[in-house]
Amino acid sequence: MVKKTEESGTTKPVVAKKTVAQEYYYSAGKRKTAVARVRLYAKGKGVVTVNDKPENEYFTVPSAHGVIQSALKLTGHSKNFDVSVKVAGGGMSAQAEAIRHGIARALIVFDETLRGTLKKAGFLTRDARVKERKKPGLKRARRAPQFSKR
């Protein structure tokens with residue numbers, strides 16, 4: 001479609017944009033310093049994208065794939081949703097567990113009856129274990145310098 005502008009007399013192509021608002025369920029998941037913002041798109045095919053990359057391209061370790069898919073497989077929705085994730089911070093395993101936490105919380109937004117199943121599996125509990133800070137006079141958080149008697 002070509003549209004002619006009034007003031008300049010030039011023609012500019014006008015692109016008709018389709019704005020299809022696809023229904024999704026949102027939640028955030030956390031683990032250590034990793035934060036994952038998860039969207040579950042209804043009527044999907046089971047595709048998982050992490051930071052605009054396919055899941056198997058972003059996570060090269062096979063165990064991370066199992067961690068991410070575990071909440072969906074447990075509830076039987078592994079092929080019903082497309083998952084889009086933005087994750088930052090932490091390491092690879094912490095990011096995978098943050099994604100699992102976010103997916104589990106988003107599934108509860110979708111269907112409240114899944115809460116018992118996910119809670120029993122421990123997917124709703126935010127694993128709050130983080131690295132302890134270093135104390136003055138110590139080498140690490142609790143490691144003291146080696147004691148010398150003489």
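The values are calculated or read from the model by the stated rules, or taken from the named source; none is laboratory data. Keep in mind that this is a model prediction, so the values were computed, not measured. Here the Cβ is made from the backbone with ideal geometry for all residues, glycine too, and neighbour counts use every protein chain on show. SASA here: full protein model, heavy atoms, side chains in, ligands and nucleic acids out. Shrake-Rupley method; radii C 1.70, N 1.55, O 1.52, S 1.80 Å.
Would you mind telling me which numbered condition in (1) out of contact with any helix residue (DSSP H, G or I) (no Cβ under 6 Å at 6 or more places or on another chain); (2) within 25 Å of LYS119 (Cβ to Cβ); (3) open to solvent by 50 Å² or more (accessible area, probe 1.4 Å) LYS43 fails?
Tallying (1) out of contact with any helix residue (DSSP H, G or I) (no Cβ under 6 Å at 6 or more places or on another chain); (2) within 25 Å of LYS119 (Cβ to Cβ); (3) open to solvent by 50 Å² or more (accessible area, probe 1.4 Å), LYS43 fails exactly one: (2).
Considering only the stretch 100-150, state which residues are part of a helix (DSSP H, G or I) and among the charged types (D, E, K, R).
Scanning the stretch 100-150 gives ARG100, ARG105, GLU112, ARG115, LYS119, LYS120.
Identify all residues within the stretch 89-116 that are over 9 Å from the mean Cα position of the chain (by Cα), within 19 Å of VAL61 (Cα to Cα) and of a type in the set (A, V, I, L, M, F, W, C); write none if there are none.
Within the stretch 89-116, MET92, ALA94 meet the criteria.
Condition first: out of contact with any Leu (no Cβ under 7 Å at 6 or more places or on another chain), open to solvent by less than 40 Å² (accessible area, probe 1.4 Å) and within 17 Å of TYR26 (Cα to Cα). Can you find one or more residues in the stretch 100-117 that meet it?
Scanning the stretch 100-117, I find at least one residue that is out of contact with any Leu (no Cβ under 7 Å at 6 or more places or on another chain), open to solvent by less than 40 Å² (accessible area, probe 1.4 Å) and within 17 Å of TYR26 (Cα to Cα), so the answer is yes.
Which of the residues that make up the stretch 75-91 are at pLDDT 95 or above and open to solvent by 50 Å² or more (accessible area, probe 1.4 Å)?
LYS86, ALA88
Kindly check whether there is at least one residue in the stretch 129-141 that is in contact (Cβ under 8 Å) with a residue 40 or more places away in the chain and among the small types (Gly, Ala, Ser). Can you show your working first?
Looking only at the stretch 129-141, we keep the residues that are in contact (Cβ under 8 Å) with a residue 40 or more places away in the chain, and these are 129-131.
With the extra rule that they be among the small types (Gly, Ala, Ser), the set shrinks to none.
No, because not a single residue in the stretch 129-141 is in contact (Cβ under 8 Å) with a residue 40 or more places away in the chain and among the small types (Gly, Ala, Ser).
Collect the residues in the stretch 46-59 that are open to solvent by 50 Å² or more (accessible area, probe 1.4 Å) and without any contact (Cβ under 8 Å) to a residue 24 or more places away in the chain, keeping them in residue-number order.
ASP52, LYS53, PRO54, ASN56, GLU57
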